[in-house]
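Data block below; observations after.
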Amino acid sequence: MRTLLVDTVPRDARNRGAINLGQEIVRECLGADLCHWSEQIDCDPYDLVGFNVFYPMHLLNVAPFLHRNQPRCRTVAGGQGLGTRGILGDLVDDLYTGELDGEENATEIVSAPVIRDGKGVIELTRGCRMRCGFCEYAWGREYREKPLELVKQQIDEMVRRRCRRINFMSANFAGYSRFDELMEYAAANALQILNSDHCISSAHRLYPWLVYLPRTIKCGIESFDAAKRAAIGKPISDARLLMTITELLKVANHLHFYLIYGLPGDDYDRWFAWLETLAALRETWTSREVNLFGEGYKRHHKNVRFELSITNFEPAPGTPFAGYPEVDFAAKAEFLAEWGAALVRLGFHQGTEVDYVNCGGRFGRKELSYRMLMALKKGGPELGAALREALPHGVGRSVSDAEAARFLAYV
């Protein structure tokens, strides 16, 4: 059977050298040809056309390909962007929400490594054992790990091919059950590990190995309110969080924290208190000294940087938080005004004002694109028409208010 695999990533979002491992696994499994959704393709030689959907917004690029190329063969779609249930309406014949190569290997992962532009990716785990209540990635998917013996063989293959820059693909790298043994083997082979995203709950396992990791560490804290962290499945006390940050900064110098605005019942006073704590912590690497002319100046013994990215709460279907209220954007506007002023006052942002464009991290989606995303996640009988007719030319990396409004008019 001859198969065509269509990449639905926006045309301006595919960085040179980026590796979409899910796409590569499916391509290898099916022996598929690859193309991008924006291309004109003769589909007649193919028995199957499949769409690789990594994020829900990529669904908007399925309809333009179908309209342009009109494949007469069977069509399917699969990938993380479909969420916990199919939401493609009547655009394709079948939906595949699991892993295409998972049926014969239900208890372990055997995917091959991928090398491109001197960088390699080894798939390490699927799913996530943390089961945070807001996260659709952890719900409806079984957690599995690649056996360490196979990982070592794949590292050996990478080294033979002169590739020592490796990303171990995992939702929680330090959560891998044999993490210490893996790091020992990686260190013995002088690997440059590219993983920078980690779960804060497992960050303590990084401490002995920080010198082998990037100096930028990214962690999902989700909330600076300890009670809310416990409620969503991350029971990390303030004392433990502060200790974790302090330990990470013994080697790392840039900590990037992911936060979620709109979690029900969050205490934002605690967020502002933590900003003060982080600002004071950064000052511990700064001393005030006097030069030969008696002028005072700051001396930075270590350039410590905190980056705080805020995303919007998404009560996704299939998770324990499904059905909770969506983000109140009037309340969010008031919060962001106060938050931006605090970032400037405490030196986290250089300038006089912080907005969606220059915040240095992110402030979550604006209201219309958020409503659009939630409509895609929920699905429904109107979705097929909206995907076909609202945006006939697909979308780029950013969705404008006009595009979002046009889509929402259909749903």
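The values are calculated or read from the model by the stated rules, or taken from the named source; none is laboratory data. Note that the structure is predicted; figures quoted are calculated from it, not measured. FYI the Cβ positions are ideal-geometry reconstructions off the backbone, even for glycines, and counts take in every protein chain you see.
Highlighted here are the strands (runs of 3 or more DSSP E) found entirely within the range 162-261 that include at least 3 residues which are touching a Leu at 6+ places or on another chain (Cβ under 9 Å): 165-169, 216-222, 254-261. Within the option set ARG362, ARG345, being in contact with a strand residue (DSSP E or B) (Cβ under 7 Å, 6 or more places away or on another chain) and surrounded by fewer than 16 Cβ atoms within 10 Å (Cβ to Cβ) holds for one residue only, ARG362. GLU338 meets each of the listed conditions (1) under 22 Å from TRP271 (Cα atoms); (2) touching a Gly at 6+ places or on another chain (Cβ under 6 Å) apart from (2).
Residues that are of a type in the set (Lys, Arg), modelled with pLDDT of 85 or more and more than 30 Å from VAL159 (Cβ to Cβ) number at least 1 in the following strands (runs of 3 or more DSSP E) confined to the range 38-131: 74-78.
Confirm whether THR246 is of a type in the set (S, T, N, Q), out of contact with any strand residue (DSSP E or B) (no Cβ under 9 Å at 6 or more places or on another chain) and either in the same structural domain as THR311 (by TED's automatic domain parsing) or farther than 20 Å from TYR268 by Cβ (or both). Spelling it out, THR246 is indeed of a type in the set (S, T, N, Q), out of contact with any strand residue (DSSP E or B) (no Cβ under 9 Å at 6 or more places or on another chain) and either in the same structural domain as THR311 (by TED's automatic domain parsing) or farther than 20 Å from TYR268 by Cβ (or both).
Here THR311 clears all of (1) farther than 17 Å from MET57 by Cβ; (2) polar (S, T, N, Q); (3) in contact with a strand residue (DSSP E or B) (Cβ under 6 Å, 6 or more places away or on another chain) except the condition numbered (1). For the range 129-143, does any single residue satisfy the condition of being of a type in the set (Ser, Thr, Tyr), within 24 Å of the chain's Cα centre (by Cα) and buried (at least 17 other Cβ atoms within 10 Å of the Cβ)? Yes, the conditions are met somewhere in the range 129-143.
Here VAL151 meets the list (1) crowded, with 21+ Cβ neighbours inside 10 Å; (2) within 19 Å of the chain's Cα centre (by Cα); (3) over 20 Å from LYS218 (Cα atoms) almost entirely, failing just condition (2).
Please pick out the residue among ILE217, ILE260 that is closer than 30 Å to GLU334 by Cβ and in contact with a Ser or Thr (Cβ under 9 Å, 6 or more places away or on another chain).
It is ILE260.
Test GLU276 against the criterion of being over 16 Å from CYS132 (Cβ atoms), at pLDDT below 95 and acidic (Asp, Glu), and give yes or no. Considered against the rule, which asks whether it is over 16 Å from CYS132 (Cβ atoms), at pLDDT below 95 and acidic (Asp, Glu), GLU276 comes out as no.
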